[in-house]
Amino acid sequence: MLKDPARIAVMVSGGGTNLQALIDAEKKGVLRSGLIELVISDNPEAYAMERARENGIEAVFTKDENEMISLLEDHGIELVVLAGFLKILSPDFIRRYPERIINIHPSLIPSFCGKGAYGLHVHEKALAYGVKVTGATVHFVNEIPDGGRIIAQKAVAVEENDTPETLQRRVMEQAEWKLLPAACEKVSAKIRRERMGK
Ligand code: GRF
């Protein structure tokens, strides 16, 4: 970990496999310009909270967006990572963090995104359409759901007998869990450079 790493908060709603990928990336030195200081969940049962606690990271449950903002400000958060976070954030929240909120989406945006396209539904849509290639996208978050500037994408093959579950797993393993740590490192390094006036 570099000196004075960018202060990261990860927002979650579910199993937290993307959070786990970020935690593992910190341990492996893949994520070295940013440090996860806080995990916020809008779901008290999210296993992601357990993953945070197991790794000594402060984990807070709240559904209240104003409380989320206070938590981020109290912790001096510089980068907000949405990792399986299902709540749509308000324009006011988003405006507070221009180009400092990133999201991982389990398809190659602009395919299979926008309203109702989250979690397993994304893979159901991909299989229903019959695409031969899908993947994941990391993008900045703006007021349009899944509409912000794309940071990175990675393609993943759809296989003959895929179910939504088998496809989701492959997209996670081959794309999401690689893209998100790399994107966090890239944006965290930029934050550190900007702090040093470079
Ligand atoms: C997954 O569908 C993932 O593609 C999306 O959110 C869901 C849960 O991810 N980003 P996680 O296991 O909670 O990180």
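The values are calculated or read from the model by the stated rules, or taken from the named source; none is laboratory data. Treat the numbers as computed from the prediction; the structure is a model and nothing was measured. Neighbour counts run over all protein chains shown; Cβ positions are idealised from the backbone, glycine included. Accessible surface areas use protein heavy atoms only, side chains included; no ligands, DNA or RNA. Shrake-Rupley method; radii C 1.70, N 1.55, O 1.52, S 1.80 Å.
In terms of the ratio Rg/(2.2 N^0.38 Å) built on C-alpha atoms, what value belongs to the stretch 1-74?
Relative to the 2.2 N^0.38 Å estimate, the stretch 1-74 comes out at 1.07.
How much solvent-accessible surface does S111 expose, in Å² to the nearest 10, with a 1.4 Å probe and all protein chains in place?
50
Given labels modelled 7 Å from the Cα in the Cβ direction, how far is it in nm from R32 to D64?
For R32 paired with D64, the spin-label model returns 4.1 nm.
Antiparallel as a % of all DSSP beta bridges within the chain, to the nearest 5?
40
Using the Kirkwood radius over Cα pairs, work out the Stokes-Einstein diffusion coefficient for the stretch 126-198 at 25 °C and 0.890 mPa s, in µm²/s as a whole number.
Translational diffusion coefficient: 176 µm²/s.
Restricting attention to the stretch 72-101, which GluC sites (Glu not before Pro) occupy a DSSP loop and are surrounded by at most 15 other Cβ atoms within 10 Å?
Sparse-neighbourhood loop GluC sites (Glu not before Pro): E99.
Using only the Cα atoms, what convex hull volume per residue in Å³ does the chain have?
Enclosed volume per residue, from the Cα hull, is 113 Å³.
Check cross-link reach from K190 to the lysines: straight Cα distance under 22 Å, and skip same-chain residues fewer than eight apart.
Candidates past the 8-residue exclusion: K3, K27, K28, K154, K178, K198.
Please report the net charge: other residues with Cβ closer than 13 Å to the Cβ of E165, K and R +1, D and E -1.
-2
For the chain, give the percent of accessible area contributed by carbon and sulfur heavy atoms, probe 1.4 Å, rounded to a whole number.
After summing per-atom areas, the C and S share lands at 52 percent.
Need the full-extension length gain, K154 to E50, defined as separation in residues times 0.36 nm minus the C-alpha distance. One decimal, nm.
34.6 nm
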